[in-house]
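Worksheet: the structure to be examined is printed underneath.
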Amino acid sequence: MKKRQMYLRMITASLIRRRSRMLVALLSIAIGATVLSGLVTIYYDVPRQMGAQFRNYGANMIFTPSEEGFTLEDIQNAAAVIDSGDLVGIAPYRYENVRINAIPVVAAGTDLAGAQKTSPYWKVEGAWPAAGGEIMVGAAVAENFRISEGDSIEVSFTPEMEDGHDVVEDTYLDFKVTGILDTGGSEEEYVYMSLADLESLTGSAGRADVAELSVSGGGEVLAQYEERINQMGSPVQARLVKRVTASETTVLSKLQALVLLVTVVVLALTMICVATTMTAVVAERRKEIGLRKSIGASDRSIIGEFLGENLMLGGIGGILGSVLGFVFAQQVSIHVFSSSIRFMPMLVPVTILVSVAVTGLSSLLPIRGATQVDPALVLKGE
Amino acid sequence: MSLLELKNVYKIYGELHALDNVSLKVEKGEWVSIMGPSGSGKSTMMNIIGCMDKPTKGEVLLDGVDISRESARNLTTIRRDKIGLIFQQFHLVNYLTALENVMLAQYYHSMPDEKEALEALDRVGLADRAGHLPSQLSGGEQQRVCVARALINYPEIILADEPTGNLDEANEEIVVDLFHKLHNEGTTLIVVTHDPEVAEVAQRTLVLRSGRLAKEIVNENFTGKIHFDESEGFRKEEVKAANGIQQPEAPQKSGKKKGGKK
Ligand SMILES: Nc1ncnc2c1ncn2[C@@H]1O[C@H](COP(=O)(O)OP(=O)(O)OP(=O)(O)O)[C@@H](O)[C@H]1O
Ligand SMILES: [Mg+2]
């Protein structure tokens, strides 16, 4: 039999036959590895998660017309600069003064599907308008006019006076109220309908006053898009909504820093825990160490055996940790971010390696203690 | 040249002289017993001979090498290559089987050899217990595993510190018989014991008292019986009393052992 075989036989025997003792050590390693790999998963997945989260907080780019206003076509052309993969949603808005019950209100016509994407956080009591003839009313308007969900209302529009005409006819359209918009902001003072409805109400088409866009990507990518659009020479002026994008980045980096900090703390705690357990294990095995020395074990072989055991424990703990860590990260992700996490295969070997390294490192001192056992002393007592 | 020679060896713990100017020689192939009351320095001397401890003063020549001057690392090597140790508490690695415990000594010495280890277990009559853990073995069986482990690397000297101290008579006899076999094969044996039954089968008995060599009894005929030293008035009973053994020996057992030995 080879020496190496005997070595493996010895350390596996120690792990298997001293199960209950080893389980305690294994537990601390596995828990450490679990939290570590879980946190690292979250650390890497947080940008993805948070990016999506922040995009939920609305448009991060706005198109405004340079002078005389822009057309829907201008908006289309400018938006074409943005990769379709990065463009989460686009909503052109056109605002017109209309009347409900002869009282003036501002009506916003928009791409309703696009607006839902750029303003997903809008709280709507009822539903967004889905088809023509449907309207969503801001909460302030609804209160003023005592409008509630399901009501039918008549919206009128007074065209501008044209030359040679003394009288202009108002146009009317009937709408069904599908929802009341409650944002806590100025949006509550408008009514929202599809752009097509607004165009037919006003009798003019193709115009917009502003467009809101939700674009994914980091600060640099967004800045590049902004610059490229502004250099197109079109009437479209792109502007990043600085407040949101900036906070997106700082909150993200703060979150990541927090996760990193917790990771380091957990790492330190794991090392302390493993070191303590190993010290106890060495103390418990003083007789055995003395015996091994008495039959000729050198310090090197004692170190080799204990290190071997501990590295093996570290490996097993790492395997357990990378599995449990994914489960842990998944749970956190589902409960905190309401989305599932991506499995990172690279994290498995990394977790195992780190676990082995951490276990090895933290058992160095206890193992040094093992070499200092005096066989004559430990073997004589009862 | 003697295999082992102690020259004016002292071991001093503070005020206490655990060994106090001990000089002795042990020839190759000799079987020596060491007796003496508790605290007389027997284990201290064995530890020094066994390269587990160093004397405070004096020379200890093992195979011509002064082990009192060697580094700890060299002592480990010498212990591994030349010495087989047997303790009163059986001291086996509790998560290794009997066979693996024997192989452990081979592992540290040179190469583990399962077949040879099995043969050693067979010699101590435990071939069928090879796969048992120490907890599954009786005290006597555990001590026999220790003997197998001590002899596996053909050491120059086997040092046994009260090898039968925790054994009943039947197992004591088995172990003493094993010593006979080893002796017949030329192994040098130094056995510390409180038990005159065990001491008297050796060729020589050294008696320690307060760290000093108080007496040396040569068993001239090596018949297994201690020869009374008339001038010193040394008697077996005295040895027993010195060792705190009250019970008189059973004459039957003594006779049986002598018969079995020859
Ligand atoms: N490490 C030590 N530190 C201090 N004193 C020690 C140490 N080891 C042994 N002694 C003392 O040295 C003396 C001899 O001890 P030793 O163990 O050699 O006795 P012994 O003859 O083997 O006794 P026993 O028959 O009880 O085993 C004792 O008085 C003991 O207290
Ligand atoms: Mg002793």
Checklist line | Cα centroid separation - region B:5-47 against region A:72-129, whole Å | finding: 101 Å
Margin query: Please report the spacing between the Cα centers of region A:303-318 and region B:66-83 in Å, no decimals.
Written below: 30 Å
Check: With +1 on each Lys and Arg Cβ and -1 on each Asp and Glu Cβ, how big is the dipole of chain A about its Cα centre, in debye rounded to the nearest 20?
Finding: 5600 debye
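Considering only DSSP beta bridges whose two residues both sit in region A:65-215, what percent are antiparallel, to the nearest 5? Each step should come with its number before you reach the end.
Numbers: 30 of 40 bridges.
Bridges in region A:65-215 that DSSP calls antiparallel: roughly 75 percent.
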Check: In Å and whole numbers, how far do the C-alpha atoms of region A:52-147 stretch along each principal axis, longest first?
Finding: 44, 35, 22
Notebook entry, point to check: Per-residue accessible area for A:F63 at 1.4 Å probe radius, Å² rounded to 10?
Noted result: 0 Å²
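Sort B:F87, A:F328 by accessible area with a 1.4 Å probe, largest first.
Numbers: B:F87 20, A:F328 75 Å².
Highest to lowest solvent-accessible surface, that is A:F328, B:F87.
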Next item on the list: Please provide three numbers in whole Å: the alpha-carbon extents of region A:59-240 along the principal axes, with the largest listed first.
Entry: 48, 45, 24
Next item on the list: Give me the percent of the accessible area of region A:59-240 that comes from carbon and sulfur atoms, probe 1.4 Å, all protein chains in place.
Entry: 44 percent
Notebook entry, point to check: Just from its helices, what would the mean residue ellipticity at 222 nm be for chain A, if runs of 4 or more DSSP H residues each count -39500 (n - 2.57) and the sum is divided by every residue, rounded to the nearest 500 deg cm²/dmol?
Noted result: -18500 deg cm²/dmol
Notebook entry, point to check: Which is farthest toward the positive dipole end of the protein assembly as shown among A:I29, A:Y192, B:S135, measuring Cα position about the Cα centre, with Cβ charges +1 (Lys, Arg) and -1 (Asp, Glu)?
Noted result: B:S135
Margin query: Explain nothing, just the number: dipole magnitude of region A:276-374 about its Cα centre with +1 on each Lys and Arg Cβ and -1 on each Asp and Glu Cβ, in debye rounded to the nearest 20.
Written below: 40 debye
Notebook entry, point to check: In a solvent-free Debye calculation with one equal scatterer on each Cα, what is log10 I(q)/I(0) for region A:188-240 at q = 0.15, 0.19, 0.30 Å⁻¹, listed in the order of the q values?
Noted result: -0.63, -0.81, -1.17
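If you average 1/r over every pair of different alpha-carbon atoms in chain A and take one over that average, what Kirkwood value in Å do you get?
26.2 Å
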Check: Say the dipole of chain A comes from +1 at the beta carbon of Lys and Arg and -1 at that of Asp and Glu; which of A:I341, A:S148, A:L267 then lies farthest toward its positive end?
Finding: A:L267
Item checked: A:W128 accessible area, assembled protein chains, probe 1.4 Å, Å² -> 40 Å²
Next item on the list: Percent of Cα-Cα pairs per 20 Å bin, from 0 to the last occupied bin, for the protein assembly as shown, please list those.
Entry: 15, 29, 16, 13, 13, 10, 3, 0
Checklist line | For B:G58, distant residues with modelled amide H under 5 Å away | finding: B:Y10
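Checking the table B:K25/B:K82; B:K54/B:K181; A:K287/B:K115 against a 20 Å threshold on Cα-Cα, which pairs fail? Each step should come with its number before you reach the end.
Values: B:K25/B:K82 17 Å; B:K54/B:K181 31 Å; A:K287/B:K115 28 Å.
As for pairs spanning more than 20 Å Cα to Cα, those are B:K54/B:K181; A:K287/B:K115.
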Margin query: Using the Cα centre of region A:59-240 as the reference point, and only Cβ charges (+1 on K/R, -1 on D/E), how large is the resulting charge dipole? Debye, rounded to the nearest 20.
Written below: 540 debye
Checklist line | ³J(HN,Hα) computed for each position of region B:151-158 - Karplus, 6.51 cos²θ - 1.76 cosθ + 1.60, integer Hz, glycine/proline x | finding: 9, 4, 9, 6, x, 5, 10, 9
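For region B:1-58, which GluC sites (Glu not before Pro) are in a loop by DSSP, counting at most 14 other Cβ atoms within 10 Å? Walk me through the intermediate numbers first.
Numbers: sites: B:E5, B:E15, B:E27, B:E30; in loops: B:E15, B:E27, B:E30.
Passing sites in region B:1-58 are B:E15, B:E27.
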Margin query: Need the list of aspartates and glutamates near B:K42 for cross-linking: C-alpha distance under 12 angstrom, and skip anything on the same chain fewer than eight residues off.
Written below: B:D20, B:D161, B:E162
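So what is the relative contact order for region B:4-243, in percent, with contacts set as C-alpha pairs under 8 Å and at least six apart? Display every interim value, and only then the final one.
Working: 475 pairs, mean separation 62.6, N = 240.
26 percent.
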Checklist line | Listed residues A:T279, A:T118 arranged by accessible area, highest first, probe 1.4 Å | finding: A:T279, A:T118
Margin query: Using only protein heavy atoms and a 1.4 Å probe, how much accessible area in total is buried between A and B, to the nearest 100 Å²?
Written below: 2700 Å²
Margin query: Considering only protein heavy atoms and a probe of 1.4 Å, how much of the accessible area of region B:4-243 is carbon and sulfur, as a whole percent?
Written below: 45 percent
Check: Which one of B:I190, B:Y95, B:L6 is farthest out on the positive end of the charge dipole of region B:4-243, using unit charges on Cβ (Lys, Arg +1; Asp, Glu -1) and the Cα centre as origin?
Finding: B:L6
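Using a 1.4 Å probe, what is the accessible area per residue for region B:4-243, in Å²? Let's see the in-between values first.
Working: 9230 Å² over 240 residues.
Accessible surface, normalised per residue, equals 38 Å².
The values are calculated or read from the model by the stated rules, or taken from the named source; none is laboratory data. Fair warning: this is a prediction, and the values are worked out from it, not measured in the lab. With ideal geometry, Cβ positions are generated from the backbone for all residues, glycine too; neighbour counts draw on all protein chains shown. Calculation scope for accessible area: heavy atoms of the full protein, side chains included, ligands and nucleic acids excluded. Shrake-Rupley method; radii C 1.70, N 1.55, O 1.52, S 1.80 Å.
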